Amino acid sequence: MDSDVATHPELVDSLARNYFRLARLTLIAGTDQIRRCVLERLPTGQTLHTALQRNRNKMDDLLRRRVISEKQWLLLYPKNSNADLAKIDMTLWITLLRSIVPLSKLGVRNVRWNEAPKADETEWYHDVLRIKETRNSLAHLIRPELDNDSFEYLWNYVCSALRRLDW
């Protein structure tokens with residue numbers, strides 16, 4: 001393919017465009033859907049702010065164990081105000097989902113948060129993992145490029161997960 005790239009600069013543009021289209025879908029729509037999953041699954045009557053206050057010791061423990069960074073902690077617990085939801089990224093939303101949402105009450109058991117879900121795993125939290133997995137895969141590419149076949153597969157993979165989450 002390197003010889004094709006040298007003679008066809010439009011191919012590089014197409015590969016990069018594929019990457020950035022998928023990255024935008026994953027980071028913007030994916031983060032939005034994961035945020036909704038967290039907010040809609042908080043205990044009845046709680047907002048994120050009240051849930052954070054009730055779980056402050058647990059979150060403090062995550063900070064001590066370096067599961068979350070000082071910067072993330074300050075996003076969640078700013079001085080004299082509530083967390084700015086627009087500044088929370090996908091990684092932190094997933095940490096909140098794992099830490100302050102009572103998943104056991106939702107019938108969620110044995111979630112492998114660090115593994116890709118299998119094709120037959122179709123619960124909402126599996127779709128959260130599909131989005132997270134795609135974001136991580138994109139972040140670890142050496143070049144920000146995706147061939148058309150990979151792009152089409154991943155686009156459909158993420159879109160399907162997003163559609164299922166958007167009940």
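What to note about this one:
- The helices (runs of 4 or more DSSP H) found entirely in segment 90-167 that carry 2 or more residues being over 13 Å from the mean Cα position of the chain (by Cα) and surrounded by 12 or more Cβ atoms within 10 Å (Cβ to Cβ) are 90-100, 148-165.
- Residue ID - farthest from the chain's Cα centre (by Cα), chosen from residues in segment 61-82 that are more than 18 Å from residue 97 (Cβ to Cβ) and charged (D, E, K, R): 79
- From the list 92, 76, 146, 96, the lone residue that is assigned by TED's automatic domain parsing to the domain that holds residue 166 and not basic (Lys, Arg) is 146.
- Residues located in segment 22-52, provided they are of a type in the set (Ser, Thr, Tyr) and farther than 19 Å from residue 113 by Cβ: 44, 47, 50
The values are calculated or read from the model by the stated rules, or taken from the named source; none is laboratory data. This is a predicted model, so every value here is computed, not measured. Counting neighbours? That spans all protein chains shown, and the Cβs are built from the backbone with ideal geometry, glycine included.
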